[in-house]
Amino acid sequence: VFHGRILARRLVGRETRYEVAVEARYRQRFPLVNREYLWVPNTCGCPALLEGGEYVLMARRHVNHEHTLNRILLQHDGYARAWTPREARLVREAARHC
């Protein structure tokens, strides 16, 4: 779970790739660097993440069996909400309890 600002959006095959500036890390099971690519397995723009927009994102690290693919994946059951100070406070509080 992290707070990210969308820098760019690009369609790659049947997926959408977002370049994200990681602003804050709330709960981290895998390391994040300051800039990451966030992959969405569709090209419809769902969820609609706007360039320049800030979001609270819950994604997972996806590594294939051969360890040749290692990326952050926002699946249909993931979480993407517009970032607000209130949302950030709620996520921080939840991260302390989980």
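A few remarks follow.
- Any hit, region 45-57, residues being touching a helix residue (DSSP H, G or I) at 6+ places or on another chain (Cβ under 7 Å) and in contact (Cβ under 8 Å) with a residue 40 or more places away in the chain: yes
- The single condition from (1) exposed (fewer than 14 other Cβ atoms within 10 Å of the Cβ); (2) part of a helix (DSSP H, G or I) that V91 fails is (1).
- Number of positions in region 61-98 that are modelled with pLDDT of 80 or more and of a type in the set (G, A, S): 4
- G4 vs. criteria touching a Leu at 6+ places or on another chain (Cβ under 9 Å) and surrounded by 13 or more Cβ atoms within 10 Å (Cβ to Cβ): yes
Matching residues to (1) small (G, A, S); (2) more than 15 Å from the chain's Cα centre (by Cα):
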{"site": "R35", "(1), (2)": "no, no"}
{"site": "P47", "(1), (2)": "no, no"}
{"site": "G53", "(1), (2)": "yes, no"}
{"site": "Q75", "(1), (2)": "no, no"}
{"site": "Y79", "(1), (2)": "no, no"}
{"site": "R86", "(1), (2)": "no, yes"}
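- For region 1-23, a tally of residues being of a type in the set (G, A, S) and part of a loop (DSSP other than H, G, I, E, B) returns 1.
- Residue satisfying all of: in region 24-60; among the hydrophobic types (A, V, I, L, M, F, W, C) and open to solvent by 50 Å² or more (accessible area, probe 1.4 Å); modelled with the highest pLDDT among these: L50
- Residues that are at negative phi and out of contact with any Lys or Arg (no Cβ under 8 Å at 6 or more places or on another chain), drawn from region 64-82: N64, H65, E66, T68, L69, L74, H76, D77, Y79, A80, R81, A82
The values are calculated or read from the model by the stated rules, or taken from the named source; none is laboratory data. What you see is a predicted model; the values in this text were computed from it and never measured. Cβ atoms come from the backbone with ideal geometry, glycine included; neighbour counts cover every protein chain shown. Side chains are part of the model used for accessible areas, which takes the heavy atoms of the whole protein and leaves out ligands, DNA and RNA. Shrake-Rupley method; radii C 1.70, N 1.55, O 1.52, S 1.80 Å.
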